[in-house]
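What follows is a short report on a single structure.
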Amino acid sequence: MSDEQTRLAELRDRIDSLDKQIMDLISARAQCAQEVAHVKMASRPNEDVFFYRPEREAQVLRRIKAENPGPLSGEEMARLFREIMSACLALEKPMHIAFLGPEGTFTQAAALKHFGHSVVSIPLPAIDDVFREVESGEAHYGVVPVENSTEGMINHTLDMFISSSLKICGEVQLRIHHHLLIADGTDKKAIKRIYSHQQSFAQCRKWLDTHWHEVERVAVSSNAEAARRAASEPGAAAIAGDMAAELYDLRKLAATIEDRPDNTTRFLIIGREEVGPSGHDKSSILVSMRNKPGALYELLEPFHRHGLSLTRLETRPSPSGTWAYVFYIDFEAHADDPQVQTVLQEVDAEAVELKRLGSYPIGVL
Ligand SMILES: O=C(O)C(=O)C[C@]1(C(=O)O)C=C[C@@H](O)C=C1
């Protein structure tokens, strides 16, 4: 054996022995999670048991990132633990996660980033369907897009909260990279039509105007649907992401074509229960105020006075005559925080209606 071969054999022996230790430790961790499930069930025999604990998961992932010794990055290490926890949770109870489908959408990528891969994922055709599936108990949680850094709010999601009883249990952000995709047999010069979701067209507008201004753009219901068409229709291309490209076996004619390199979409996790404090949380509320001078000032002033940081303020038209304006507000704090309770009491006193949409951990991954 050469020196190199001897050294490689030694290192590989060490890796084998470390793998065995990692496997034993992961198994011990999984047994602990099973015991946690028994404790949860014993303490709530006749009630809904909430196996998934978003606040605990956020704490675990934050600790992993903070204590990670390297050389792997904190993000990479947290991703590995994300999958370990996902598998442990599936032992306790397999989670059914509804998302805005079909298979291959960015929402599915966001769902897997947030929950890990050990979940049963349920693709649904519309945002309303995701809400309904969770409300009816068919799915434990749902994932819907709420905001894109280039294109702004997804108003349909915001409006759903006006009538829904669901709570926001979490958030996850995803960097969105779009590609121009074609089937293997498609010739670049033969492209007559580009399919995509209208949001994706908007996120790649400048690039398309520069490179493909003469080609017809056809908006369809999702990027995954665009990819499906590009895979089967001669002369068609699609703008979609990696998951859709893989699913439909398409090749990238041009990669990362979004106009803004920081193009990011924020998704919400919706569920039926409230989430406890994780130590680094956000809360969302919907407020309707009377249409009078100074209404917005009155609404925001208590947040300022109590030092609560607002991260979002959106105005939506009222669905009925009784609500003149509906404000959707995100702020950094948990509803259990006594200061938040004071602020919300003050807001409630001035508002026509105040709806608490939930407190949840600020996205970790
Ligand atoms: O701590 C719990 O409540 C657990 O169920 C354990 C565990 C984990 O694997 O760490 C698993 C699922 C929960 O979502 C949170 C954490």
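The values are calculated or read from the model by the stated rules, or taken from the named source; none is laboratory data. Just so we're clear, the structure is a prediction, and the values are computed from it rather than from any experiment. No Cβ is skipped: glycine too gets one built from the backbone with ideal geometry, and neighbour counts run over all protein chains shown. Areas reflect the complete protein model, heavy atoms only, side chains present, ligands, DNA and RNA absent. Shrake-Rupley method; radii C 1.70, N 1.55, O 1.52, S 1.80 Å.
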* Return the residue satisfying two criteria in turn: it lies in the range 40-89 and is near the ligand (Cβ under 9 Å from one of its atoms) and among the aliphatic types (A, V, I, L, M), and of such residues it is surrounded by the fewest Cβ atoms within 10 Å (Cβ to Cβ). => Ala87
* Asked: Quick one: which of Arg272, Arg290 is open to solvent by 10 Å² or more (accessible area, probe 1.4 Å) and out of contact with any helix residue (DSSP H, G or I) (no Cβ under 7 Å at 6 or more places or on another chain)?
  -> Arg290
* Asked: Out of all the residues in the range 68-124, which are in contact with a Cys (Cβ under 9 Å, 6 or more places away or on another chain) and among the hydroxyl-bearing types (Ser, Thr, Tyr)?
  -> Ser118
* **Check on Val215, in contact with a helix residue (DSSP H, G or I) (Cβ under 7 Å, 6 or more places away or on another chain) and modelled with pLDDT of 95 or more** => no
* Asked: Right, Glu55: acidic (Asp, Glu) and modelled with pLDDT of 95 or more or not?
  -> yes
* Asked: Of all residues in the range 1-21, how many are open to solvent by 90 Å² or more (accessible area, probe 1.4 Å) and part of a helix (DSSP H, G or I)?
  -> 12
* Asked: Residue check: is Thr322 modelled with pLDDT of 95 or more and either among the hydroxyl-bearing types (Ser, Thr, Tyr) or open to solvent by 40 Å² or more (accessible area, probe 1.4 Å) (or both)?
  -> no
* Does the range 234-242 include one or more residues that are at positive phi and open to solvent by less than 20 Å² (accessible area, probe 1.4 Å)? -> yes
* To do: State the number of residues belonging to the range 90-104 that are under 30 Å from Ser221 (Cβ atoms), open to solvent by less than 50 Å² (accessible area, probe 1.4 Å) and within 15 Å of the ligand (Cβ to nearest atom).
  => 2
* Asked: Based on what the data block shows, is Thr107 surrounded by 11 or more Cβ atoms within 10 Å (Cβ to Cβ), more than 10 Å from the ligand (Cβ to nearest atom) and of a type in the set (S, T, N, Q)?
  -> yes
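Here is a yes/no grid of residues against (1) touching a Gly at 6+ places or on another chain (Cβ under 6 Å); (2) part of a helix (DSSP H, G or I); (3) farther than 23 Å from Asp24 by Cα:
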residue: Val49; (1), (2), (3): no, no, yes
residue: Glu57; (1), (2), (3): no, yes, no
residue: Ala90; (1), (2), (3): no, yes, no
residue: Ala98; (1), (2), (3): yes, no, yes
residue: Pro102; (1), (2), (3): no, no, yes
residue: Thr107; (1), (2), (3): no, yes, yes
residue: His114; (1), (2), (3): no, yes, yes
* To do: Return yes or no: is Val120 among the aliphatic types (A, V, I, L, M), within 16 Å of the ligand (Cβ to nearest atom) and open to solvent by 10 Å² or more (accessible area, probe 1.4 Å)?
  => yes
* Tell me, please, whether a residue that is aromatic (Phe, Trp, Tyr), in a helix (DSSP H, G or I), touching a Ser or Thr at 6+ places or on another chain (Cβ under 8 Å) and modelled with pLDDT of 95 or more can be found in the range 123-131. => yes
* To do: Within the range 165-187, identify whether any single residue is touching a helix residue (DSSP H, G or I) at 6+ places or on another chain (Cβ under 6 Å), more than 21 Å from Trp207 (Cβ to Cβ), surrounded by fewer than 21 Cβ atoms within 10 Å (Cβ to Cβ) and among the hydroxyl-bearing types (Ser, Thr, Tyr), and answer yes or no.
  => no
* Asked: Do you know which residues across the range 327-363 are of a type in the set (Val, Ile, Thr) and in a helix (DSSP H, G or I)?
  -> Val340, Thr342, Val343, Val347
* Can Arg205 be described as open to solvent by 10 Å² or more (accessible area, probe 1.4 Å) and within 27 Å of the chain's Cα centre (by Cα)? -> yes
